[in-house]
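Trainee: My structure is below; once you've seen it, I'll send some questions.
The values are calculated or read from the model by the stated rules, or taken from the named source; none is laboratory data. Because the structure is a prediction, the values reported are computed rather than measured. No Cβ is skipped: glycine too gets one built from the backbone with ideal geometry, and neighbour counts run over all protein chains shown. With ligands, DNA and RNA removed, areas are computed over all heavy atoms of the protein, side chains included. Shrake-Rupley method; radii C 1.70, N 1.55, O 1.52, S 1.80 Å.
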Amino acid sequence: MIVFGIDPGVSGAISVFDNKKIINFFDMPTMIDGKKNKRQVNAAQLAHEIKSRVVDREKTAVIIEQVSAMPGQGVTSMFNFGQSFGVIKGICSALGISIYFIRPAKWKKHFNLIGTTKDASRTKVIEMFPDLSPQLTKKKDSNKSDAILIGKYFVDHFTNEGFHG
């Protein structure tokens with residue numbers, strides 16, 4: 001089974017698991033939008049990244065962190081975030097891939113990360129997957145770590161009968 005763990009948003013990331021093993025992870029593909037040099041999700045590249053790894057739609061799942069507006073975030077940033085979330089959902093729907101949503105509190109509780117700093121997920125991933133350490137050397141790699149843990153949560157809770165999360 002191929003599992004994509006997605007930390008959505010322009011600064012998010014994607015992890016790829018095959019048969020319960022992490023095989024790849026990368027930053028969300030982005031591109032510059034308009035005159036103000038704002039970044040947006042590169043939908044064409046994201047679709048390619050997902051589609052190129054799908055062998056059997058029936059044995060593929062995308063798990064997306066289900067986030068919502070947070071106090072203090074501006075209207076524009078929340079609109080952009082919602083647009084990114086919608087792009088991801090649209091690509092998965094168009095490709096006929098099952099989508100599952102997981103709240104941050106649920107996967108963070110599973111990995112004992114409630115009440116920790118953002119960088120704690122990077123530490124957790126390095127503890128669980130020491131071979132990935134050279135690819136997670138920067139603090140900004142916490143988004144990749146989140147994507148890995150989101151995918152790992154699904155892998156840990158999926159059986160042949162379905163998702164039990």
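Trainee: Please list, ordered by first then second residue, the pairs with beta carbon atoms under 9 Å, 6 or more apart or interchain, first in the stretch 69-90 and modelled with pLDDT under 70 and among the polar types (S, T, N, Q), second surrounded by 13 or more Cβ atoms within 10 Å (Cβ to Cβ) and assigned to a helix (DSSP H, G or I).
Mentor: GLN73/PHE81
Trainee: Then there is this: When you look at ALA94, is it of a type in the set (A, V, I, L, M, F, W, C), assigned to a helix (DSSP H, G or I) and open to solvent by 70 Å² or more (accessible area, probe 1.4 Å), yes or no?
Mentor: The answer is yes for ALA94.
Trainee: Could you look through the stretch 8-64, keep only residues that are open to solvent by less than 40 Å² (accessible area, probe 1.4 Å) and without any contact (Cβ under 8 Å) to a residue 24 or more places away in the chain, and pick out the one that is nearest to PHE154 (Cα to Cα)?
Mentor: Among those that are open to solvent by less than 40 Å² (accessible area, probe 1.4 Å) and without any contact (Cβ under 8 Å) to a residue 24 or more places away in the chain, it is PRO29.
Trainee: Still on this structure: Where the second residue is part of a helix (DSSP H, G or I) and the first is touching a residue at least 60 places away in the same chain (Cβ under 8 Å) and lies in the stretch 101-114, which pairs have Cβ atoms under 7 Å and are six or more apart or on separate chains?
Mentor: ILE102/ILE150; ILE102/TYR153
Trainee: Among the residues of the stretch 113-153 satisfying the criterion of being touching a helix residue (DSSP H, G or I) at 6+ places or on another chain (Cβ under 7 Å) and assigned to a loop (DSSP other than H, G, I, E, B), which is farthest from PHE26 (Cα to Cα)?
Mentor: Ranking the candidates gives ILE114 first.
Trainee: Follow-up. Quick one: is VAL87 assigned to a loop (DSSP other than H, G, I, E, B) and of a type in the set (A, V, I, L, M)?
Mentor: Here the answer is no, as VAL87 does not meet what is asked.
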